[in-house]
Amino acid sequence: MSWQLVNNDRNEEQLLVNESLFALGNGFLGVRGNFEEGYSDEKKSVRGTYINAFHDSTEITYGEKLHAFPETQQKLLNVIDSQTILMTINGRQVQAGEAVTMERTLDMERGLSIRVLSWHDEEAGKTTVTFKRLVSFTVKELFVQQVEIETEREASVHISMAVNGDVSNFSDPDDPRVASGHAKRLTIEQVDAGDILSVTCRTYESALSVHCSSKSAISVPAERTVSSGEGRAEEAYSYTSSGKAVLTRWSMYTDTYRHGDQLEQTAARLLSECGSFTEAEEAQHEYLKAFWKDTLLEIEGDPELQQGIRFNLFHLLQSAGRDAVSNIPAKGLSGEGYEGHYFWDTEIYMFPFFLMTRPDTARQLLKYRFSLLNAAKKRAREVGHTKGALFPWRTISGGECSAFFPAGTAQYHISADIAYSFIQYYLVTGEKAFLREYLTELLTETARLWMDTGHMKDGVFRIDDVTGPDEYTCIVNNNFYTNAMAQYNLKWAAACWELLEAKDAQALNQKLELEEGEIAAWKEAAERMYLPYDEKLGIHAQDDTFLQKKVWDLAATPKEKFPLLLHYHPLTLYRYQVCKQADTVLAHFLLEDTADEATMKHSYEYYEKVTTHDSSLSYCVFSMMAARHGDVEKAYRYFIETARLDIDNTHQNTKDGLHLANMGGTWLALVYGFAGMRVKESGLLFRPVLPKAWKSMSFRIRWREALLEVQLEKELVRYEALEGSLTFKHHDETISLKLGDTEEIPLRLS
Ligand code: BGC
């Protein structure tokens, strides 16, 4: 059961949710889980096909526009639709209506979705129509569908399919989390209906083109007709037969970013190379076998949670961009929420999974960010900085896309988050070339931002007027998270120049032109970074004023008032001690050497009481820190919230797309939470614990040349080097394993 997600509901609300849950993708292309034939009764649908990073620019209109507010925004576009397959059997339309039984499965082991409709037709007898579809992991441009039509007696069948370029994005003016306008952004450039159906469209502003070519084949003799018009190319098959007929349909997507001006040619070539549906299915299965083998992640004792874990990892894999122009949208490629933008979600919540299991993808994600360094420098100048790089809060191709600066541009911490992930990559891989080619430059430019943003006063380095991760507390002085992350950024920027070989340092200096005393100033700012602390509570204060505010009465707030952001003006929220998500507690997770144990524990306990978890980025952090402080059962309860958040639609907006950061958080909560893993300057560390409900938990991670398997059982932990050799710590004990070595250690009941 845990390899599959089954949901046969057909009420409007769940159908919309299922469009996200059953979405298929491969990091380049994403197709929502819409029905080929659409819904009956005009039920609402967000019919969507997306290409990662394929966007248009739209104007932002402000009531009052101040200096350096972004003028345009980028929007991931719903592109050409090739999902449609309509069918009549003996003149009656095939639709998953009430009279029909429907079984719908997402198969995460094999990477496809299957929908079986069956009913009794008076003339044709028992009738079954099976739709299968997959978005290929091995040919990224390919979306392939197969329909099996089986009738007991002879029936006349008519099938029609379309490639439709006349598409729009979804909009909802009342929800800040989805777009409010600019729905139609594509013009039709070309439509052809011959052996192949093809449509090319172009964006209004960003001058990008997208193309889809589609071909089909049917297993029974049938008459084929084609037609075209209004941005659509169509084909139809008619046949009369009994028994089984199989239709296969291959659709290839190309775009300017990846295929230059060879859109149609590339699609035609790729179509000519396509094998059967079974071959595509096999290739998909092979790819996923390797993925599941490398990550393993199994728990024994709870099939529902295991299903949630698989589901979340599967969607992470489906969503991660693997090329120079793309990253991981906050909603993956499963919906239009947050308009396909990339946030800090990638670096802090999702990147670790890729870093420890698929370092090539991790590297690509960092290279994408690095490619935006010049845009980040430009943005810093616009905002008023004389030096450094300020990464945009949300973006696709580098421009700041947040129109609400208090919870957007002001989240300067994103620059330190990106720096943090670059450092983590270096710690895990130890790649000297990475230090030379990417790390030092990125850290230098972000360190310069902190020097230009902060200032020394009364012997301490302060950073004023920024917003930390908690979006219910905006524009504050000395947000602990930001200051601690900036401190780490500055310290490492200085360290990089010392780690570089002299000739490399010299070469890089030609480009970056370090000023006299610049590195010393970074070190001094890091050493004297002000980290607000409250003596009475024994905790780090979230910022200079947070603890002076009135505490929001969460217990007295009616359930329907959550998430608070949809019911209270931001200023009301800002005036209270109330957090949308982990902030100080997250800093303690990322930088556990910045504070002592007692402070971290008290902070965890204090902030837990004022946190709503209105953002899905919160539970996993509290889960990890609960485990860190020995409250394993609490950690387990928080973990349940992350593992099934989308499957159970607990945030009630899964219809707009999946919560990818939370999905990364599921992996974090297991590996960094229960297994207590940390990547530290001193190396790899584990402090494992296991929730009572589980018999065991196992996972695999890569560390340099090694592949390590970790198995937690009730009373012991087993470490095994499956590839290479490595040294790490289990609490204070140093363990060295050579290929094939296994070490078993009793679990500490902390
Ligand atoms: C969270 C942010 C997050 C964004 C995108 C917001 O609700 O508060 O931290 O980056 O969603 O997931």
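Table for the structure above
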item	result
Cα-based equivalent ellipsoid of segment 259-302: semi-axis lengths in Å, sorted from largest, via gyration tensor	35, 14, 7
Cβ-placed point charges (K, R +1; D, E -1), dipole of the chain about Cα centre in debye, nearest 20	680 debye
Gyration tensor verdict on segment 226-339 (Cα atoms; rounded if a/c is under 1.5, prolate if a/b is larger than b/c, oblate otherwise)	oblate
Overall Cα dimensions of segment 36-108 - principal axes, largest extent first, Å	64, 29, 21
Principal semi-axes in Å for segment 1-87 [√(5λ), Cα gyration tensor, largest first]	32, 16, 14
Ratio Rg/Rh, restricted to segment 306-428 and using Cα atoms, in which Rh is the Kirkwood radius	0.98
Descending semi-axes in Å of segment 540-618, equivalent ellipsoid built from Cα gyration tensor	24, 13, 11
Principal axes of segment 658-707: Cα extent on each, largest first, Å	30, 29, 19
Too-long pairs where the Cα-Cα distance tops 29 Å, listed order kept, from LYS692/LYS738; LYS293/LYS680; LYS601/LYS714	LYS692/LYS738
Options VAL246, TYR619, MET677, ranked by Cα towards positive dipole end of the chain, top entry (Cβ charges)	MET677
Alpha carbon convex hull of segment 58-214, volume per residue in cubic angstrom	182 Å³
Angle between the chain longest axis and helix 619-628 axis [Cα atoms, degrees, rounded to 10]	50 degrees
Accessible surface, segment 1-63, averaged per residue in Å² (probe 1.4 Å)	33 Å²
Cβ-defined net charge surrounding GLU681, 11 Å radius [Lys, Arg +1; Asp, Glu -1]	+2
Degrees between helix 440-453 axis and first principal axis of the chain (Cα, 0 to 90, nearest 10)	60 degrees
Rg(Cα)/(2.2 N^0.38 Å) for the chain, N = residue count	0.98
Net charge of neighbours whose Cβ lies under 14 Å from the Cβ of HIS120, counting Lys and Arg as +1 and Asp and Glu as -1	-3
Apportionment of accessible area to carbon and sulfur, segment 367-486, percent (1.4 Å)	51 percent
Cβ-placed point charges (K, R +1; D, E -1), dipole of segment 383-449 about Cα centre in debye, nearest 20	100 debye
Tilt relative to the chain, helix 480-499 - C-alpha long axis, 0 to 90 degrees, to 10	80 degrees
Dipole of segment 269-404, positive direction: furthest Cα of ALA330, GLY384, LEU373, with charges on the beta-carbon	GLY384
Selection from PRO70, LEU142, PHE54, by position along the positive dipole direction of the chain (Cβ)	PRO70
Net dipole in debye of segment 90-168 [+1 Lys, Arg Cβ; -1 Asp, Glu Cβ; about Cα centre; nearest 20]	300 debye
For segment 485-562 versus segment 586-653, the gap between their alpha-carbon centres in whole angstrom	21 Å
Two-decimal Rg/Rh across segment 393-507, once Rg and the Kirkwood Rh are taken from alpha-carbon atoms	1.01
Proportion of all alpha-carbon pairs of segment 142-271 beyond 19 Å (%)	58 percent
Probe 1.4 Å - accessible area at GLU37, Å² to nearest ten	20 Å²
Relative contact order %, the chain, counting alpha carbon pairs below 8 Å whose residues are six or more apart	12 percent
Prolate/oblate/rounded label for segment 369-424 (Cα gyration tensor, a/c 1.5)	rounded
Mean shadow area of segment 29-74 over all directions, Cα convex hull, nm²	5.4 nm²
Helical mean residue ellipticity (222 nm; -39500 (n - 2.57) per DSSP H run of 4+; nearest 500) of the chain	-9000 deg cm²/dmol
Hull shadow area, averaged, segment 594-732 [alpha-carbon convex hull, nm²]	9.6 nm²
Accessible area in square angstrom per residue, segment 606-685, 1.4 angstrom probe	24 Å²
Kirkwood Rh (inverse of mean 1/r, distinct Cα pairs), segment 94-164, angstrom	13.8 Å
Percent accessible area from carbon and sulfur atoms, segment 263-313, protein chains only, probe 1.4 Å	49 percent
Partners for LYS44 among lysines (Cα-Cα distance below 24 Å; same-chain residues under 8 apart left out)	LYS75, LYS132, LYS184, LYS331, LYS655
Kirkwood-based Rg to Rh ratio, segment 1-50, C-alpha trace	0.99
Span from the segment 440-473 Cα centroid across to the segment 270-321 one, whole angstrom	41 Å
Neighbour net charge for PRO691 - beta-carbon separation under 12 angstrom, K R +1, D E -1	+1
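The values are calculated or read from the model by the stated rules, or taken from the named source; none is laboratory data. Predicted, not measured: the structure shown is a model, and the values here were computed from it. Virtual Cβ from ideal backbone geometry, glycine too; neighbours counted across all protein chains shown. Each accessible area value is taken on the protein alone, full model and side chains, heavy atoms only, with ligands, DNA and RNA left out. Shrake-Rupley method; radii C 1.70, N 1.55, O 1.52, S 1.80 Å.
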